[in-house]
Amino acid sequence: MIKELLIAFISLGLISCSAYQKISVSPEDALNKGKVKVITNSGNEVKLENILYEDSALIGMKDSVKIPINTSQIQSIYLAYPSEPILTKNAVYGTLALINLSINYERVIVGANAFDILLKASFGFFYVPEGIGEKSKNGVQFLVQFIMLHGRASNFIEYGIGLGSWYQPADATGIQSSINGLNFGSHTSSPSSQEDLNFFPAVNLGYRHQKSLKSPIFRFGIGFPEILYFSIGYGF
């Protein structure tokens, strides 16, 4: 039910989200080429689903309605770019960020031309130094997000929203000890010895390079809890 509602919501904007070529074509070259954008002599913009030739006349199709076309009133016609294949259904990638390290799995739940919605699940480890929080923390991280991709070909703007959690066991000293070792013996406050579980909103905004077919994935951007992140993985 949720998937059908999401598809219906996105479908309302598919025509307006179409990208059009920059070079104008003649009405004859636009016949049976799919979506077109027509600019009239008065400067009005009309987007049609197709241009057909019926009964010795040009006909524009919009919402299944036939609209007669007078070529003397047309200034220019622009063809829509061909639809790109939707992304592969699955993706796995690792993410390195300022305060965490994670492995992530994504599944496409809505695939549409120039707009996709994915469901993401993430598991990893986090370390928050004392300078950022009231006291240093380290433990495991869980995260679930809806990821929206907007773009064409292999380049996407990515933004996501969801819910994450940090869990610090009562004896969470392993990561802290490793950090201390990297500091060459410098003093760092020990984390709390109490068990700790926190929930937080998980958001991000960034760039993604991913082709429609099976291919590598590269991501980078800003967000919370990552602050700054970089990812590399594979879509399949």
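No value in this document is a laboratory result; all are computed from the given coordinates. Computed from a prediction, not measured in an experiment: that's the story for all the values here. Counting neighbours? That spans all protein chains shown, and the Cβs are built from the backbone with ideal geometry, glycine included.
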Expressed in nanometres to one decimal, the distance between label points 7 Å along Cα→Cβ at Tyr167 and Asn41 is 7.2
Stretched fully, the stretch from Tyr53 through Asp29 gains (0.36 nm per residue minus C-alpha distance, one decimal, in nm) 7.5 nm
For the pair Lys62 and Phe199, the simple spin-label estimate (label points 7 Å beyond Cα toward Cβ) gives in nm 4.8
Distribution output for the range 20-79: share of Cα-Cα pairs per 10 Å bin in percent, first bin at 0, values 25, 63, 13, 0
